[in-house]
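The values are calculated or read from the model by the stated rules, or taken from the named source; none is laboratory data. The model shown is predicted, which means the values in this text are computed figures rather than measured ones. Cβ placement follows ideal geometry from the backbone for every residue including glycine, while neighbour counts extend to all protein chains displayed. We work out accessible area using only protein heavy atoms, side chains counted, and drop any ligands, DNA or RNA first. Shrake-Rupley method; radii C 1.70, N 1.55, O 1.52, S 1.80 Å.
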Amino acid sequence: MAWTFNPNEYEESGFSIIPVGDHRVRINDVISKNSKAGNEMYEITLDVSGHGSKLWFYLVIDPTDSKKTNQRVGAFFDSFGITDYNLANYIRWKGKVGAVRVVHEEYNGEQQAKVRFCLSRKNQDKLPPANFGNAATAGATPVGGFAPITAEDDELPFN
């Protein structure tokens with residue numbers, strides 16, 4: 001079957017910049033890599049409650065400054081309710097819900113949203129409930145950092 005593109009059914013869309021302030025976020029993906037300086041680093045992709053755009057957070061492990069590194073890792077773990085402190089288990093962070101403070105910074109002449117820091121659990125109480133745009137999980141109470149997911153049979157990759 002050959003597809004015939006109909007430009008009348010196409011609408012240009014883009015993502016708006018995440019507003020400055022505090023936002024609930026969910027860990028979408030985590031990649032272990034090395035920073036430009038050669039330090040161990042985790043590139044964390046975050047879904048933002050109420051927005052279609054994503055944020056990236058970089059958790060860099062700097063062995064030359066253990067106090068700063070432990071403070072940053074501790075704030076991240078606290079925000080997302082992570083109690084397994086073994087960094088090798090980073091794949092288990094996916095789906096965890098926490099909160100971050102977003103600021104705007106200029107990059108290549110454009111304003112971009114950037115994570116300034118992770119909010120502690122006690123400072124998340126004032127935020128509205130998480131809404132990641134999935135009707136199956138909207139309003140669901142996260143259990144252990146994960147929200148229940150439902151899928152129709154035709155959405156499953158196997159039968």
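Annotations for the structure displayed:
- Here the stretch 88-129 is scanned for amide nitrogen atoms under 18 Å from the site 7 Å beyond the Cα of residue 58 along Cα-to-Cβ, giving 101-118.
- Computed over the stretch 1-121: relative contact order in percent, which uses C-alpha pairs under 8 Å that are six or more apart: 27
- For the set 4, 45, solvent exposure ranked by accessible area (probe 1.4 Å, protein chains only) runs largest to smallest as 4, 45.
- Put 3, 93 in order of accessible area, highest first, and with a 1.4 Å probe you get 3, 93.
- From largest to smallest, the equivalent ellipsoid semi-axes obtained for the stretch 1-76 from the alpha-carbon gyration tensor read 37, 17, 10 Å.
- Loop-located trypsin sites (Lys or Arg not before Pro) in the stretch 1-52 (DSSP state not H, G, I, E or B) with no more than 13 neighbouring Cβ atoms inside 10 Å: 36.
- Subtracting the Cα-Cα distance of residue 71 and residue 1 from 0.36 nm times their residue separation leaves 19.5 nm of extension gain.
- Area of residue 11 that stays accessible when all protein chains are in place (1.4 Å probe, Å², to 10): 150
- Convex hull volume of the stretch 51-108 per residue (C-alpha atoms, cubic angstrom): 138
- Close amide H partners of residue 117, meaning residues 5 or more places away or on another chain with modelled amide H under 5 Å apart, are 101.
- Heavy atoms of residue 83 accessible to a 1.4 Å probe, total area in Å² rounded to 10: 110
- Size-normalised alpha-carbon gyration radius of the stretch 80-129, reference 2.2 N^0.38 Å: 1.46
- Ordered by solvent-accessible area of protein heavy atoms (1.4 Å probe), largest first, the residues 9, 43, 105, 110 come out as 9, 110, 105, 43.
- Estimated FRET transfer efficiency when R0 is 35 angstrom, pair residue 34-residue 127 (beta carbons, to 0.05): 0.60
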